[in-house]
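Coordinate-derived values only; no laboratory data. Every value quoted in this text rests on a predicted model; they were computed, and no experiment measured them. With ideal geometry, Cβ positions are generated from the backbone for all residues, glycine too; neighbour counts draw on all protein chains shown.
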Amino acid sequence: MTQARSVTFSGNRAVDPHGEHGPEGPGATRCPDCTDGLGAPAPVPPDSWRGRIRADPGLHLAWRVGVFVVGLLFVLLGLALTVLPGPLTVPPVLVSLWVWSTEFDWARRFFAAFRRKAVAAWRHAEQHPVSSAAITVGGLAAAGAVFWAVGHFDLVDRATSALGLG
């Protein structure tokens with residue numbers, strides 16, 4: 001039978017109030033492989049240019065932060081595209097996952113899951129070409145109708161005046 005015990009955290013070390021601890025001493029230290037809280041870096045050959053970047057800890061951290069920022073910019077682009085009709089938000093988010101997957105293990109797992117689902121969706125579309133074409137054409141027609149209606153009925157101007165913004 002397992003007994004529950006309470007543990008409090010002080011900094012990055014766990015402090016056991018009962019004085020029990022493992023062979024490393026009291027508390028648990030931070031993961032030795034996880035250097036910056038962003039997860040373990042992707043494995044690369046040591047003689048590659050990324051291997052040379054990883055040899056310098058300051059440059060390596062700057063590289064990882066840069067990769068994260070570039071991926072975040074693509075996510076923000078995807079969020080900005082949500083105001084447009086259609087699936088325009090998906091490609092920038094997938095690009096961000098691809099960028100992040102080059103450096104972060106957690107993003108590699110997400111990207112692999114999306115890739116599996118994309119392959120399955122493509123196979124489904126190949127097996128059912130008529131329904132896939134009908135859905136695609138219907139979606140494009142609906143997007144065209146929305147664009148036409150917005151322009152024909154001046155919906156943007158009406159909405160801004162109704163909200164008192166313009």
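Listing for the model above:
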item	result
Chymotrypsin sites (Phe, Trp or Tyr not before Pro) within segment 106-166: DSSP coil, no more than 16 neighbouring Cβ in 10 Å	F153
Distance between modelled label sites at W49 and H152, nm, 7 Å Cα→Cβ extension	5.2 nm
Full-stretch length increase - S161, L79 - with 0.36 nm per residue and alpha-carbon distance subtracted	27.0 nm
Inter-probe distance in nm under a simple model that places probes 7 Å from Cα toward Cβ, at R116 and V65	3.5 nm
